[in-house]
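Chemist: Got a structure here, written out as structure tokens. Questions coming.
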Amino acid sequence: AFGDHRVEGGALSDSLATEETMADIARVLKPGGRLLATADSLVLGLARLAEQRRWPELADAPAADVVLAPDLAHTGGYARYFSPDDLGELFTACGLDVEWIRPRTALPEAAVRETLLADPQAMGDLVLSELSLAAAEAVDGRGARLVVSGRKT
């Protein structure tokens, strides 16, 4: 069994049977073991639905238990999107205590990309801004991707 585990790259969003995936991961964690995982946020999912002009699905999203959108990178595939509350409930249901949930980055990816293209020397300023914003916004679902840390009880 594993003491600590990482689920990186949005694997929780790629797995439509996320509850089963999480149950398997929680099963192999040792008591006290930690899990660090990333998932696509509900904010990103709503943006994807709007980009794809899926207005009925977008209108139904606030009442939906699960938000799915076609994943244009994978033909015929879908991605699942999470709010911070969804991730917390998922971890808790699998017997994990949520330590924290936060955006993977506080700065929008497009802003970082544009800044670095315009001035590659701006990396230090971007890192300081990121750290400052991340500390101020510990639980926030506004990022495109969310990171969650949990511990097995």
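The values are calculated or read from the model by the stated rules, or taken from the named source; none is laboratory data. Owing to the predicted nature of the structure, the values given are computational and were not obtained by experimental measurement. Note: ideal-geometry Cβ built from the backbone for every residue, glycine included; neighbour counts use all protein chains shown. Please note that ligands, DNA and RNA were not included when accessible areas were found on the heavy atoms of the full protein model with its side chains. Shrake-Rupley method; radii C 1.70, N 1.55, O 1.52, S 1.80 Å.
Chemist: Among the residues of the range 111-126, are any more than 21 Å from LEU12 (Cα to Cα), open to solvent by 30 Å² or more (accessible area, probe 1.4 Å), without any contact (Cβ under 8 Å) to a residue 24 or more places away in the chain and not in a helix (DSSP H, G or I)?
Modeler: yes
Chemist: Additional query: Select from the range 131-153 the residues that are open to solvent by 40 Å² or more (accessible area, probe 1.4 Å), among the charged types (D, E, K, R) and at pLDDT below 70 and list them in ascending order.
Modeler: GLU137, ARG142
Chemist: Another question, if that's okay. What number goes with the only condition from (1) in a helix (DSSP H, G or I); (2) open to solvent by 40 Å² or more (accessible area, probe 1.4 Å); (3) among the aliphatic types (A, V, I, L, M) that LEU87 does not pass?
Modeler: Of everything listed in (1) in a helix (DSSP H, G or I); (2) open to solvent by 40 Å² or more (accessible area, probe 1.4 Å); (3) among the aliphatic types (A, V, I, L, M), LEU87 misses just condition (2).
Chemist: Looking at the range 90-110, which of its residues are at pLDDT 75 or above, open to solvent by 50 Å² or more (accessible area, probe 1.4 Å) and of a type outside the set (Ser, Thr, Tyr)?
Modeler: Across the range 90-110, the qualifying residues are ALA93, ASP97, VAL98, GLU99, TRP100, ARG102.
Chemist: Still on this structure, please answer the following. On the basis of being within 15 Å of ARG145 (Cβ to Cβ), aliphatic (A, V, I, L, M) and either at pLDDT below 90 or not in a strand (DSSP E or B) (or both), does LEU12 make the cut?
Modeler: Yes.
Chemist: Would you point out the residue of the range 66-84, among those that are open to solvent by 20 Å² or more (accessible area, probe 1.4 Å), touching a strand residue (DSSP E or B) at 6+ places or on another chain (Cβ under 9 Å) and aliphatic (A, V, I, L, M), that is modelled with the lowest pLDDT?
Modeler: ALA73
Chemist: Looking only at the range 34-65, which residues are open to solvent by less than 50 Å² (accessible area, probe 1.4 Å), part of a helix (DSSP H, G or I), in contact with a helix residue (DSSP H, G or I) (Cβ under 7 Å, 6 or more places away or on another chain) and under 24 Å from TRP100 (Cβ atoms)?
Modeler: Of everything in the range 34-65, nothing turns out to be open to solvent by less than 50 Å² (accessible area, probe 1.4 Å), part of a helix (DSSP H, G or I), in contact with a helix residue (DSSP H, G or I) (Cβ under 7 Å, 6 or more places away or on another chain) and under 24 Å from TRP100 (Cβ atoms).
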